[in-house]
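Novice: Questions regarding the structure given below will be posed in turn.
Each reported figure results from applying straightforward, stated rules to the coordinates on display, with no laboratory input. Everything quoted here is computed from the prediction, not taken from an experiment. For neighbour counting, all protein chains shown are included, and Cβ atoms are generated from backbone atoms with ideal geometry for every residue, glycine included.
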Amino acid sequence: MLAVVEVDIFDNVFVECFGDLEDKRYKNKQHVLLDIIALSICGILAGMTDFIEFHEFAKSHVLWFKKYLSLPHGIPSHDTMERVIASLNPKAFNEAFLKWIDKLKELFPEGIIPIDGKTLRRSHQKNKGLKALHIVNAFSCANGLTLGQVAVDEKSNEITAIPELLKMLTIKGSIITIDAMGTQKEIAKQIVEQEADYVLAVKNNQKELAEAIIDVFTLSQNEKFNEKLKPEIYKHEIEGDHGRIEDRTVYALPAKSIATQTDLANWANIKSIIKVEYINWITTKTEIRYFISSIIHTEVNKLAVAIRSHWAVENNLHWVLDVVFKEDDSRVRNKVSAQNLSWMRKMAVYLLKQDASKGSMKTKMLRNCINPDNIIRILGKV
């Protein structure tokens, strides 16, 4: 274990949360693990995108950093920083960050937790036949915070990563939303066993189930069956500057409506089937999606909010990571290093969003780059 060195940049809370991370380097190490983690976090908060930039940022503010960090041998090289971050266990690093955030700010109960995957597109190594790193994330809509992430194994997919991610989380009382890839009987069972509800998208990967749901909702529009198959309905209009942009209509029926067409017994606690109709008034296109849920169909408002909230992970996290933090452009090749770096970016997204000062996220990062005192202010006001 690392011998804890007092650092003041994030006060003793930082030491408490990160001090127990295993440092796998030899005993005669020149640079302190906590220094390297702190330099990396500060670099990301200042808009730096990789370890070379972290190093250059730290060098340009070396006197400032020496006020807060031990730095017994000055600023570590970018190779050293990457090598050390690559040596950290991603799960332990994940847990340390969440512990740190929890100490900085009292978090809300989780509520809705979308689970979704993202590929770091330039992390591939073609010469070694290695694919780009794909990470499955769990996102707390209530807190705007990533709760956990798991890297998908080279020879696997999200179906095996999602159960591992769920095991890491305390989800009791929450609603878990997952795209069609995660619509699997065992995943639904695990969510229920962890005392949570689910809303799962249904596509052709569950062909029999999808066809049964489509057939029942088609019948519900027939006057002959209308009374027997009368769905609960929730409508939502999205307004733009120049009028209505999109209509969303959510229809929910009890799951037993499809009991004669498919076997529901293996879908844990399934209570409702859902159809969502999206009408885009700009493109005039209509899109229809289907879902299953452990939430009763009469709570159609709750179902609608959960389905709409699923896109928060795409709009509030993935888009920011790509556009603001240039994650898709990152050339970090080491899978563990890329995974830990991705986790630090997600924490930076959360920290910057908590900053109440004026300006976009890019503007806040620029201020941090010019004057690192702003980083201390951000952390002090989370």
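Novice: To the nearest 20 debye, what is the magnitude of the charge dipole of segment 200-303 about its Cα centre, counting +1 on the Cβ of each Lys and Arg and -1 on the Cβ of each Asp and Glu?
Specialist: Rounded to the nearest 20 debye, it is 240 debye.
Novice: Please report the net charge: other residues with Cβ closer than 14 Å to the Cβ of LYS189, K and R +1, D and E -1.
Specialist: Counting the neighbours of LYS189, the net charge comes to -2.
Novice: How large is ³J(HN,Hα), in whole Hz, for each residue of segment 229-235 in order, when computed from phi with the Karplus curve 6.51 cos²θ - 1.76 cosθ + 1.60 and θ = phi - 60°, using x for Gly and Pro?
Specialist: Going residue by residue, I get 10, 9, x, 6, 10, 10, 10 Hz, with x marking Gly and Pro.
Novice: By average Cβ neighbour count within 10 Å, what is the ranking of 39-51, 91-103, 279-291 from highest down?
Specialist: 39-51, 91-103, 279-291
Novice: Quick one: which residues, 5 or more positions from THR146 or on another chain, have an amide H under 5 Å from its amide H? H modelled 1.01 Å from N in the peptide plane, none for Pro or chain starts.
Specialist: For THR146, whose amide H was placed from the backbone, the distant partners under 5 Å are SER140.
Novice: Round to a whole angstrom and tell me the spacing of the C-alpha centers of segment 54-98 and segment 200-214.
Specialist: After rounding, the separation between the Cα centres reads 48 Å.
Novice: A further question follows. Compute the distance in nm between two label points, each set 7 Å from the Cα along the Cα-to-Cβ direction, one at THR170 and one at GLN194.
Specialist: 1.3
Novice: Further question on the same structure: So how strong a dipole does segment 24-80 carry about its Cα centre when Lys and Arg Cβ are +1 and Asp and Glu Cβ are -1, to the nearest 20 debye?
Specialist: The dipole of segment 24-80 has a size of about 380 debye.
Novice: Please tell me which of these pairs span more than 31 angstrom C-alpha to C-alpha: LYS118/LYS228; LYS91/LYS326; LYS207/LYS346; LYS66/LYS362; LYS271/LYS346; LYS99/LYS207?
Specialist: Pairs exceeding the cut-off: LYS118/LYS228; LYS207/LYS346; LYS271/LYS346; LYS99/LYS207.
Novice: With the calculation restricted to Cα positions, what are the radius of gyration and Dmax of the chain in angstrom?
Specialist: 23.5, 81
Novice: With charges only on Cβ, +1 for K and R and -1 for D and E, what is the dipole size of the chain about its Cα centre, in debye, rounded to 20?
Specialist: Dipole about the Cα centre, nearest 20: 720 debye.
Novice: Quick one: which residues, 5+ away or cross-chain, put their amide H under 5 Å from the amide H of LEU133? H built at 1.01 Å from N.
Specialist: Distant-sequence amide H within range of LEU133: LEU120, SER123, HIS124.
Novice: Also, I was wondering about something else. Just add up the charged neighbours of ILE296: K/R +1, D/E -1, any other residue whose Cβ is under 12 Å from the Cβ of ILE296.
Specialist: That sum, taken over residues with Cβ under 12 Å, equals 0.
Novice: Return the ratio Rg/(2.2 N^0.38 Å) for segment 200-303, where Rg is computed over Cα atoms only.
Specialist: Cα Rg divided by the expected 2.2 N^0.38 Å: 1.13.
Novice: Still on this model: Using Cα pairs under 8 angstrom and six or more residues apart, how large is the relative contact order of the chain, in percent?
Specialist: 18
Novice: Which of the listed residues, VAL324, GLN149, ILE270, is farthest toward the dipole's positive end in the chain, when Lys, Arg count +1 and Asp, Glu count -1 at the beta-carbon?
Specialist: VAL324
Novice: Going by C-beta contacts inside 10 Å, put THR363, THR177, THR80 in order with the fewest on the left.
Specialist: THR363, THR80, THR177
Novice: Go ahead and estimate [θ] at 222 nm for the chain from helices alone: -39,500 (n - 2.57) per DSSP H run with n ≥ 4, summed, over the residue count, rounded to 500.
Specialist: -11500 deg cm²/dmol
Novice: Compare the Cα positions of PHE51, ILE378, LEU133 along the charge dipole of the chain (+1 at Cβ of Lys, Arg; -1 at Cβ of Asp, Glu; about the Cα centre) and return the one farthest towards the positive end.
Specialist: PHE51
Novice: Moving on to the next point. Positive end of the dipole of segment 200-303, charges at C-beta (+1 Lys, Arg; -1 Asp, Glu), about the Cα centre: which of LEU303, ILE238, ALA255 has its Cα farthest in that direction?
Specialist: ALA255
Novice: Using modelled amide H (1.01 Å from N, peptide plane; none on Pro or chain starts), what sits under 5 Å from the amide H of GLY117, excluding residues fewer than 5 places away?
Specialist: ASN137
Novice: Can you tell me how much longer the chain between ASP373 and ALA268 gets when fully stretched, taken as 0.36 nm per residue apart minus their C-alpha distance, in nm with one decimal?
Specialist: Answer, rounded to one decimal: 32.6 nm.
Novice: Another question about this same structure. Can you check what the net charge comes to around GLN261, using other residues whose Cβ is under 13 Å from the Cβ of GLN261 (Lys, Arg +1; Asp, Glu -1)?
Specialist: Computed value for this residue: -2.
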